[in-house]
Amino acid sequence: MSWGWRIALLYIGFVVFIITLVVITFQYDVNLVAKDYYAQELKFQTQIDSNNNLQALDEKAALNYRKADAILELQLPPASLAMDTKGVVQFFRPSDGKFDFQLTFDQTDGDVLKYNTKEILAGYWRVKVSWNSEGKDYYFEEKIVL
């Protein structure tokens, strides 16, 4: 076999290899962390201010997971709760956005919120809690593994 044929076979093999890589990469689903990533980034200073409001309080927020009972307890500082309190607990799964969900709460739920985790997919989650009370915003975020 002459050098010309060897070079041609090498070139054809390289082209087949590249085409195979392109086909394989297009078969994977690419998930963004969030669909409204840029809008969230613009609101980041508000989130920082809300977290600073929470840090200024004497009591801190806490997230406790009781694996035996499959209960997730969220303890909010009583000083940050009033009659007009409304908030959102967002369960964010970085590995797959299809499983993200959020729950709302208000002053009638008290300062300890309990969530059953039996139906929640096991793994790494970020729990983001934001609430407004008496015109002041508060924000708390915790990473957990269920």
By how many degrees, 0 to 90 and rounded to 10, does the Cα axis of helix 44-55 deviate from the longest principal axis of the chain? 40 degrees
Which of rounded, prolate or oblate describes region 4-78 when judged by the alpha-carbon gyration tensor and an a/c cut-off of 1.5? prolate
Protein-only accessible surface order, largest first, of TYR138, TYR124 at 1.4 Å: TYR124, TYR138
On the full set of protein chains, 1.4 Å probe, figure out the accessible area of ASP109 and give it in Å² to the nearest 10. 70 Å²
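If I stretch the segment between GLN55 and PHE17 completely, what's the gain in nm (0.36 nm per residue apart, minus their alpha carbon distance), one decimal? Display every interim value, and only then the final one.
Details: separation 38, 0.36 × 38 = 13.68 nm, distance 5.53 nm.
This chain segment gains 8.2 nm when fully extended.
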Compute the accessible area per residue over the chain, keeping the other protein chains in place, probe 1.4 Å, unit Å². 72 Å²
Theoretical FRET efficiency, 1/(1+(r/R0)^6), r = Cβ-Cβ of THR108 and TYR38, R0 30 Å, to 0.05: 0.30
Options [x] 15.2; [y] 18.7; [z] 15.8 - which one matches Kirkwood radius over Cα pairs in Å as calculated here: [y]
Working out 0.36 nm times the residue gap between ALA8 and ASP84, then minus their Cα-Cα distance, what length gain in nm do you get to one decimal? 19.8 nm
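My understanding is that a pair violates if its Cα-Cα distance is over 28 Å; which of LYS43/LYS143; LYS35/LYS128; LYS35/LYS67; LYS86/LYS143; LYS67/LYS98 do that in this structure? Let's see the in-between values first.
Values: LYS43/LYS143 21 Å; LYS35/LYS128 17 Å; LYS35/LYS67 31 Å; LYS86/LYS143 22 Å; LYS67/LYS98 24 Å.
Long pairs (Cα-Cα over 28 Å): LYS35/LYS67.
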Over the chain, with every protein chain in place, what whole percent of the accessible area is carbon and sulfur at 1.4 Å, could you tell me? 59 percent
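The values are calculated or read from the model by the stated rules, or taken from the named source; none is laboratory data. Since the structure is predicted, the reported quantities are computational estimates derived from the model, not experimental observations. Glycine gets a Cβ as well: all are built from the backbone with ideal geometry, and neighbour counts include every protein chain shown. When the accessible area is computed, the model is the full protein with side chains, heavy atoms only, and any ligands, DNA or RNA have been set aside. Shrake-Rupley method; radii C 1.70, N 1.55, O 1.52, S 1.80 Å.
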